[in-house]
Amino acid sequence: MSTDKIFEALASAPRRQILAYLSEQELPAGDIAARFEMSAPAISRHLAVLENAGLIAGERRGQFVVYKLVPDNLVNTLTQFAFEICPVGGPLKRESRRARKAAG
């Protein structure tokens, strides 16, 4: 999954709010939409961006689509990004990368 897509998805306040809502429970699209003062198509676009970035997954259950977080992708991507810019983590990541290349 492209980190550009993930950070583009996280750049929007409504999308970050959707992620916060989904952090504690799975929600149908209608319940997510009810928390915002925007049109259903606008909510659908936000959900599509989040799903395309691999941050959420939608599952059809009868006539509803229920969304949930894909936590491993989000955590792994943010951790990797943090290590790249962190003054402590960056050198450790580079050291680990060099060790992996030397071993393999």
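The gain in end-to-end length when the A42 to A29 segment is fully stretched comes to 3.5 nm, 0.36 nm per residue minus the alpha carbon separation.
Only one item in (i) 17.0, 54; (ii) 12.5, 35; (iii) 16.0, 56 matches Rg and Dmax of the Cα atoms in Å derived from the coordinates shown, and that item is (i).
Across the stretch 25-36, coupling constants 3J(HN,Hα) worked out from phi with the 6.51/-1.76/1.60 Karplus curve, θ = phi - 60°, read 6, 7, 9, x, 3, x, 5, 5, 4, 5, 8, 10 Hz, and Gly and Pro carry x. Our estimate of slack between A82 and E95, defined as 0.36 nm per intervening residue step minus the Cα-Cα distance, is 3.1 nm. At a probe radius of 1.4 angstrom, the accessible area of the chain per residue rounds to 66 square angstrom. Entry note, the stretch 3-103: relative contact order of 25 percent, from Cα contacts under 8 Å with a spacing of 6+ residues. In order along the stretch 54-69, phi translates into HN-Hα couplings of x, 8, 9, 10, x, 10, 6, 10, x, 8, 10, 10, 9, 10, 8, 5 Hz, rounded to whole numbers, per the Karplus curve 6.51 cos²θ - 1.76 cosθ + 1.60 with θ = phi - 60° and x for Gly and Pro. Near I56, the amide H atoms lying under 5 Å from its own belong to E51, V70; only residues 5 or more places off or on other chains count, and H is placed 1.01 Å from N.
The values are calculated or read from the model by the stated rules, or taken from the named source; none is laboratory data. Quantities reported herein were computed from a predicted structural model and do not represent experimental measurements. In case anyone asks, the SASA skips ligands and DNA or RNA and just uses the protein heavy atoms, side chains included. Shrake-Rupley method; radii C 1.70, N 1.55, O 1.52, S 1.80 Å.
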